[in-house]
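Comments concern the structure below.
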């Protein structure tokens, strides 16, 4: 979908829109569902069908196949991809090469009738699921080519207490944001932390 | 140079070591020289020869050729690469593909007898050179495979008032840190800012 076409979901108010999560039974999906106060239990197909805005929080393995199976229900919707293609070995985490440049660009290629936005890559499931963590001390970097869609996802990020949605570029600049998760894993290991990012001077 | 070999420069105290800058006449080089209170005017060859620690702040074009011409004077030294391989078009900045994975990994391949550390990618020349900016509100992400060298570069970053050196992973995870500069350019354009990054929970 080009920059100029705006899907139905884009006009939504964040307070009234319904959010679905693909991968809602995984840690990241459960964490985001918890912070957005969503009821769990929907299948991926139901979430894709019934929601106005759909968050993709599935493992990288199977990302392409799942989205390909849901092109019809996801058409005309905003699809938020938060998937980090990463590998792990004895030296820690490292980014996997993605032919399309990033998971988000892969999603956009598979879903030409959806508007894909990249966001929520760095908000760890551990933090999201921890009832002792009342506010999330980090910015959510939001990437996409449709201004109305990125504005909406920024507003959605703002709904997580403590978080702030920050526009961080077009979808072609999403690969390094996904890959940056490997650096956060390295930081967490070195400093025994749950590191996040804040953008200064904003 | 492997993880286990430690070059002479690594044992240095940051307060006493001499710092050289390759590309010291460019904006980024001048900015770092200003913040480290270095006298200007050295040629690249003199800087490589005389300094204990050498910062590479040259344009991406010519990066490989310059380093290849300085392998002998840089042997046994810590080389800090802050180069961001980026292109610009009508849609803004985007990262360039680097066969070695990153500028820092390219430097390490060209300089097998040096210890290469990636750092200072996101500290903009504009901020460094602005006399009105007394403190730099951002963390300096430091990447490398030699713990003593990354510790030293973190200590060097700490010498810039306001800045903090944060270890952010091995050299193989430097590509996305360099590429992230394109996102900061996008953020600066959208928000009319000089954006930097802080790592939270440290």
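For the range A:43-58, the set of residues classified as out of contact with any helix residue (DSSP H, G or I) (no Cβ under 6 Å at 6 or more places or on another chain), closer than 25 Å to residue A:181 by Cβ and in a helix (DSSP H, G or I) consists of A:44, A:47, listed by residue number. Residues in the range A:177-194: is at least one touching a helix residue (DSSP H, G or I) at 6+ places or on another chain (Cβ under 7 Å), more than 9 Å from chain B (Cβ to nearest Cβ) and modelled with pLDDT of 95 or more? So far as the range A:177-194 goes, no, none of its residues is touching a helix residue (DSSP H, G or I) at 6+ places or on another chain (Cβ under 7 Å), more than 9 Å from chain B (Cβ to nearest Cβ) and modelled with pLDDT of 95 or more. Of the residues A:168, A:163, A:107, A:93, the single one that is away from every other protein chain (no Cβ under 13 Å) and either at pLDDT below 95 or touching a strand residue (DSSP E or B) at 6+ places or on another chain (Cβ under 8 Å) (or both) is A:107. Considering only residues that are without any contact (Cβ under 8 Å) to a residue 12 or more places away in the chain and under 22 Å from residue A:129 (Cα atoms), which ones fall in the range A:42-69? Within the range A:42-69, A:43 is the sole residue that qualifies.
Restricting attention to the range A:32-42, the residues being in contact with a helix residue (DSSP H, G or I) (Cβ under 9 Å, 6 or more places away or on another chain) and outside any helix (DSSP H, G or I) number 5. Determine whether the range B:15-26 contains at least one residue that is part of a helix (DSSP H, G or I) and without any contact (Cβ under 8 Å) to a residue 40 or more places away in the chain. No, there is no match, as no residue in the range B:15-26 is part of a helix (DSSP H, G or I) and without any contact (Cβ under 8 Å) to a residue 40 or more places away in the chain. Return the residues of the range B:59-88 that are assigned to a loop (DSSP other than H, G, I, E, B) and out of contact with any helix residue (DSSP H, G or I) (no Cβ under 6 Å at 6 or more places or on another chain); say none if nothing qualifies. B:59, B:60, B:61, B:62, B:69, B:75, B:82, listed by residue number. Looking at residue A:98, is it closer than 21 Å to residue B:174 by Cβ and touching a residue at least 12 places away in the same chain (Cβ under 8 Å)? So residue A:98 passes the test.
Of the numbered criteria (1) within 12 Å of chain A (Cβ to nearest Cβ); (2) surrounded by fewer than 22 Cβ atoms within 10 Å (Cβ to Cβ); (3) over 27 Å from residue B:67 (Cα atoms), the one residue B:147 fails is (3). State all residues of the range A:34-58 that are more than 12 Å from the chain's Cα centre (by Cα) and under 16 Å from residue A:124 (Cα atoms); if no residue qualifies, say none. Once the filter is applied, which keeps residues that are more than 12 Å from the chain's Cα centre (by Cα) and under 16 Å from residue A:124 (Cα atoms), the range A:34-58 yields A:34, A:35, A:36. Before we move on, is residue B:175 crowded, with 16+ Cβ neighbours inside 10 Å and in contact with a strand residue (DSSP E or B) (Cβ under 6 Å, 6 or more places away or on another chain)? Taking the combined requirement at face value, the residue does not satisfy it.
Taking the range B:125-144 as the range and being within 12 Å of chain A (Cβ to nearest Cβ), in contact (Cβ under 8 Å) with a residue 40 or more places away in the chain and out of contact with any strand residue (DSSP E or B) (no Cβ under 8 Å at 6 or more places or on another chain) as the test, only B:126 passes.
For beta carbons closer than 8 Å, sequence separation of 6+ or different chains, a first residue in the range A:70-83 that is surrounded by fewer than 19 Cβ atoms within 10 Å (Cβ to Cβ) and a second that is at pLDDT below 95, the qualifying pairs are A:76/A:7; A:76/A:8; A:76/A:9. Does residue B:81 qualify as being within 11 Å of the chain's Cα centre (by Cα) and more than 14 Å from chain A (Cβ to nearest Cβ)? Considered against the rule, which asks whether it is within 11 Å of the chain's Cα centre (by Cα) and more than 14 Å from chain A (Cβ to nearest Cβ), residue B:81 comes out as yes.
The values are calculated or read from the model by the stated rules, or taken from the named source; none is laboratory data. Owing to the predicted nature of the structure, the values given are computational and were not obtained by experimental measurement. No Cβ is skipped: glycine too gets one built from the backbone with ideal geometry, and neighbour counts run over all protein chains shown.
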